[in-house]
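Engineer: Structure incoming, see below.
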Amino acid sequence: MILVLGGTGEARELADALDKDGIAVLSSLAGRVSNPRLPRGEVRVGGFGGPEAFAGWLREHRIAAVIDATHPFAARISASAAQACPAAGVPLLRLERPGWAERPGDQWRWVPDLADAAAAIPSLGRRVLLTTGRQGLAAFAGVTEAWFLIRCVEPPDPPLPAGHELLLDRGPYTLAGELQLIDLHSIDLVVTKDSGGGLTEAKLDAARERRLPVIVVRRPARPALGTVHTVAEALTWTRDHAGAG
Ligand code: NAP
């Protein structure tokens with residue numbers, strides 16, 4: 001049984017491909033989204049209870065290999081897998097989509113975290129499209145100089161900025177749609193994590209087209225371990241190194 005730590009489009013693609021190959025796959029989801037898009041194969045939901053419990057779970061379920069395909073900003077589960085897998089003697093691979101790169105015409109401000117993103121807002125804009133996700137929005141609650149269009153998949157918990165509108169939506173997004181949103185709300189600044197990938201990239205194209213600044217939160221540091229960037233590479237690794245298929 002191959003365990004895919006999921007919650008991303010790549011994780012779903014990988015699980016689908018493994019299942020189609022006849023390889024037994026179990027996808028693990030954190031359970032943050034009430035109506036997640038489910039992959040093929042088996043699915044389990046919820047945390048493992050920390051690295052030690054995770055190692056025990058891996059042994060108990062006779063997992064042959066783990067592919068950590070979680071979101072680039074999901075640092076805790078990755079750190080937990082990096083501890084649990086060696087402890088249980090289970091090979092681990094990280095599948096991580098490449099980050100976004102600036103193109104001519106972009107006006108990006110890179111910041112290390114959400115607090116620094118919030119601090120940078122007053123000098124860059126007044127009407128913000130905030131797309132950093134549901135978690136950590138408290139960092140923006142004290143920003144009184146700007147109005148926020150907060151877009152996320154699930155309703156966020158307070159505290160939130162006083163001046164805001166909530167837009168519950170899930171990608172993929174199109175350039176035409178993002179331009180329309182920017183124009184409708186007179187957006188003059190976009191704030192995003194460096195999530196990478198094509199599903200949510202259109203906001204960056206739209207910002208370039210409207211000559212808007214973008215605050216980009218850098219990815220958190222990760223444990224040094226074998227990493228691939230595509231589902232195809234992860235499939236090859238699974239076949240070669242886990243003795244599966
Ligand atoms: P996190 O901070 O790294 O994880 C917090 C805790 O949630 C982990 O310690 C673990 O609990 C549990 N957990 C997280 N992912 C899990 C998984 N795939 N399977 C089982 N348990 C999991 O993660 P997060 O930022 O809350 O993200 C949660 C999930 O949402 C991830 O699967 C990620 O791929 C997805 N996601 C995250 C973002 C983001 O911006 N962070 C964006 C889109 C999707 P235990 O310690 O109890 O094992």
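The values are calculated or read from the model by the stated rules, or taken from the named source; none is laboratory data. Every value quoted in this text rests on a predicted model; they were computed, and no experiment measured them. Here Cβ is always computed from backbone atoms with ideal geometry, including for glycine, and neighbour counts include all displayed protein chains. Heavy atoms of the whole protein, side chains included, go into the accessibility calculation; ligands, DNA and RNA do not. Shrake-Rupley method; radii C 1.70, N 1.55, O 1.52, S 1.80 Å.
Engineer: If you wrap a convex hull around the Cα atoms of region 187-231, how much volume per residue is inside, in Å³? Don't skip to the end; give the middle numbers.
Structural biologist: Working: hull volume 3.7 nm³, N = 45.
Each residue corresponds to 81 Å³ of Cα convex hull volume.
Engineer: Sticking with this structure for a sec: Quick one: if you take sqrt(5λ) for each eigenvalue of the C-alpha gyration tensor of region 1-117, what semi-axes come out, biggest first, whole angstrom? Let's see the in-between values first.
Structural biologist: Numbers: eigenvalues 156, 63, 36 Å².
Whole-Å semi-axes of the equivalent ellipsoid: 28, 18, 13.
Engineer: Would you work out which of Ile150, Ala232, Gly136 lies farthest towards the positive end of the dipole of region 93-245, given +1 charges on the beta-carbon of Lys and Arg and -1 on that of Asp and Glu, about the Cα centre?
Structural biologist: Projecting each Cα onto the dipole axis, the largest value belongs to Ala232.
Engineer: If you place +1 on the Cβ of every Lys and Arg and -1 on the Cβ of every Asp and Glu, how big does the dipole about the Cα centre of region 8-57 come out, in debye to the nearest 20? Mind dumping the intermediate values first?
Structural biologist: Details: 6 positive and 7 negative charges, 43 e Å.
Its charge dipole is roughly 200 debye.
Engineer: Whole number in Å², please: accessible area per residue of the chain, 1.4 Å probe, ligands, DNA and RNA not counted. Intermediate values should be presented prior to the final figure.
Structural biologist: Details: 11580 Å² over 245 residues.
That works out to 47 Å² for each residue.
Engineer: Modelling each spin label as a point 7 Å along the Cα-to-Cβ direction, I'd like the Asp113/Thr230 distance in nm, to one decimal.
Structural biologist: Going from the Asp113 label point to the Thr230 one covers 3.6 nm.
Engineer: Sticking with this structure for a sec: What number, rounded to the nearest 500 deg cm²/dmol, is the helix-based mean residue ellipticity at 222 nm of the chain, given -39500 (n - 2.57) per DSSP H run of at least four residues and division by all its residues? Don't skip to the end; give the middle numbers.
Structural biologist: Working: 7 runs with 72 residues, N = 245.
Roughly -8500 deg cm²/dmol at 222 nm, from the helical runs in the chain.
Engineer: Projected onto the charge dipole of the chain (+1 at Lys/Arg Cβ, -1 at Asp/Glu Cβ, origin at the Cα centre), which of Ala30, Gly105, Ser186 gives the Cα projection farthest towards the positive end?
Structural biologist: My answer, from the dipole projection, is Ala30.
Engineer: Sticking with this one: Work out the length of the dipole vector of the chain about its Cα centre, built from +1 on the beta-carbon of each Lys and Arg and -1 on the beta-carbon of each Asp and Glu, and round it to the nearest 20 debye. Each step should come with its number before you reach the end.
Structural biologist: Details: 27 positive and 28 negative charges, 30 e Å.
Dipole about the Cα centre, nearest 20: 140 debye.
Engineer: Note down the magnitude of the dipole of region 99-245 about its Cα centre, charges +1 on Lys and Arg C-beta and -1 on Asp and Glu C-beta and zero elsewhere, to the nearest 20 debye.
Structural biologist: Roughly 140 debye for region 99-245.
Engineer: Can you give me the long-range amide H partners of Ile215? Hydrogens built in the peptide plane at 1.01 Å from N, cutoff under 5 Å, separation of 5 or more residues or another chain.
Structural biologist: Arg109, Val190, Val191, Thr192
Engineer: On the first, second and third principal axes, largest extent first, how far apart are the outermost C-alpha atoms of the chain in Å?
Structural biologist: Per principal axis, max minus min of the Cα coordinates gives 54, 32, 32 Å.
Engineer: Tell me the relative contact order for the chain as a rounded percent, counting alpha carbon contacts under 8 Å between residues six or more apart. List each step's numbers first, then the result.
Structural biologist: Values: 471 pairs, mean separation 53.6, N = 245.
The normalised contact order for the chain reaches 22 percent.
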